[in-house]
Amino acid sequence: MTQLWLLSGCSRSEIEWKKLQNRITEHYFNHAVEIVVPCAAALPSELSSWLPRYACANLPLARFLQKRQSVEDSLSLTALSLGRVDTGNVFAVLPTGVLVMSVDKDTAEQLGLQGRPSRYLNRHRFNVEVDMMAAEFKLGKPGHNRVQWSVSERLGMEDDFVMCWRAEDAMAMFPQVTTQPCVRETHLLCSLSLPVLDPGQPKGLCRTREEEVFCSAADMHVWIGAISNGLHSVEGQPDEYISRFTLPELGTTCQYGTRTRWSGMIHSEQIVHLITKAKELLLQNSVHPWLVISVWGFEDAPVSWKSHEHGFLLSGDAHYSIVLFPEHFWCFSVIGSHDLLGQ
């Protein structure tokens with residue numbers, strides 16, 4: 001079962017806008033970002049220059065434990081090994097400077113490091129966390145030497161990692177690694193059916209005010225999912241598949257809209273930058289009633305929100321969508337039934 005959490009607020013309020021930024025930065029491992037812009041035949045120029053970069057490299061895990069260029073560089077790095085968190089070993093470096101190792105029982109015994117049983121397979125998997133920013137983990141100290149030896153000698157093999165940084169100049173930590181831009185795809189949405197939204201009242205059911213029917217937040221979330229799956233119009237030809245799914249009652253139709261998706265690995269601070277640019281666009285341009293930004297996480301990441309364990313075996317959901325208005329926002333967070341939101 002999946003849980004849907006809603007955070008809403010006024011984007012002009014510094015406190016509430018900070019809450020939204022915190023929610024974004026607590027979601028460390030982002031695989032794809034999508035933005036839907038109604039009433040636009042192309043992605044606005046204010047957003048088209050946003051093209052995050054990431055890197056893929058085959059590295060030994062011990063490389064992440066070696067000398068760092070600076071604390072700032074270390075806190076900028078996010079890395080994830082491309083393993084299967086349900087059947088294999090997965091390693092992740094959080095932007096907080098914490099190394100997370102989600103390993104099977106045999107690997108945990110080989111490492112000999114203190115860990116805790118998985119919340120989901122407590123006799124078969126273990127989570128080992130190493131705070132690389134801790135004072136006792138400085139180079140040459142027993143804590144660092146113990147982990148470095150264990151990882152190097154017991155896990156000497158290399159793994160495929162995807163990595164991203166808050167700023168590309170922090171890549172000095174890995175001079176041999178080259179970056180690549182995220183893959184960007186843009187789709188033109190013709191005759192886009194739009195729900196009518198009341199920015200300040202997201203939680204109620206559909207209701208009438210001044211002879212207008214406003215879409216509820218729950219129905220808006222369904223609409224976002226339909227758009228992301230290419231169902232941007234209620235019109236279409238019947239086929240052999242019989243479906244009971246229907247789009248929420250919609251209020252207006254615009255001639256064009258755009259849906260742009262970036263895929264790769266995207267740092268959460270880069271997403272904050274995109275949200276800020278989108279907010280500025282809405283304040284400057286009254287053509288767009290609102291924008292939708294959706295973010296999907298890596299299903300095999302060992303953590304979902306903040307440093308909480310990802311319940312992949314029960315759901316795998318770890319994504320969120322933001323409806324951004326000129327002066328308000330709605331943020332839908334989708335998590336597995338046994339996962340925890342960053343608290």
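The values are calculated or read from the model by the stated rules, or taken from the named source; none is laboratory data. As the structure is a prediction and not an experimental result, all values here were calculated from the model. Positions of Cβ are generated from backbone atoms using ideal geometry, with glycine treated the same way; all protein chains shown enter the neighbour counts. Accessible surface is based on the protein model in full, side chains and every heavy atom, while ligands, DNA and RNA are left aside. Shrake-Rupley method; radii C 1.70, N 1.55, O 1.52, S 1.80 Å.
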Item to check | Segments classed as strands (runs of 3 or more DSSP E), wholly inside region 85-183, with at least 2 members that are closer than 22 Å to VAL303 by Cβ and not aromatic (Phe, Trp, Tyr) | outcome: 90-93, 98-104, 125-131, 158-164
Checklist outcome for this item: Out of (1) part of a strand (DSSP E or B); (2) at pLDDT 85 or above; (3) not aliphatic (A, V, I, L, M), the one GLY9 does not meet is (2)
Next on the checklist: Restricting to region 243-259, and then to whatever is hydrophobic (A, V, I, L, M, F, W, C) and touching a strand residue (DSSP E or B) at 6+ places or on another chain (Cβ under 9 Å), can you tell me which residue is modelled with the highest pLDDT?
Outcome noted: CYS254
Item to check | Set TRP296, TRP262, TRP290, TRP305: member being at pLDDT 90 or above and in contact with a His (Cβ under 7 Å, 6 or more places away or on another chain) | outcome: TRP296
Next on the checklist: For region 257-278, give me each residue that is part of a helix (DSSP H, G or I), closer than 18 Å to VAL36 by Cα and in contact (Cβ under 8 Å) with a residue 40 or more places away in the chain.
Outcome noted: GLN270, ILE271, VAL272, HIS273, LEU274, ILE275, LYS277, ALA278
Next on the checklist: So the check is Cβ under 7 Å with 6+ separation or different chains; which pairs have a first residue in region 185-197 that's open to solvent by less than 20 Å² (accessible area, probe 1.4 Å) and a second one that's small (Gly, Ala, Ser)?
Outcome noted: LEU189/GLY257; LEU192/GLY257; SER193/SER233; LEU194/GLY251; PRO195/GLY251
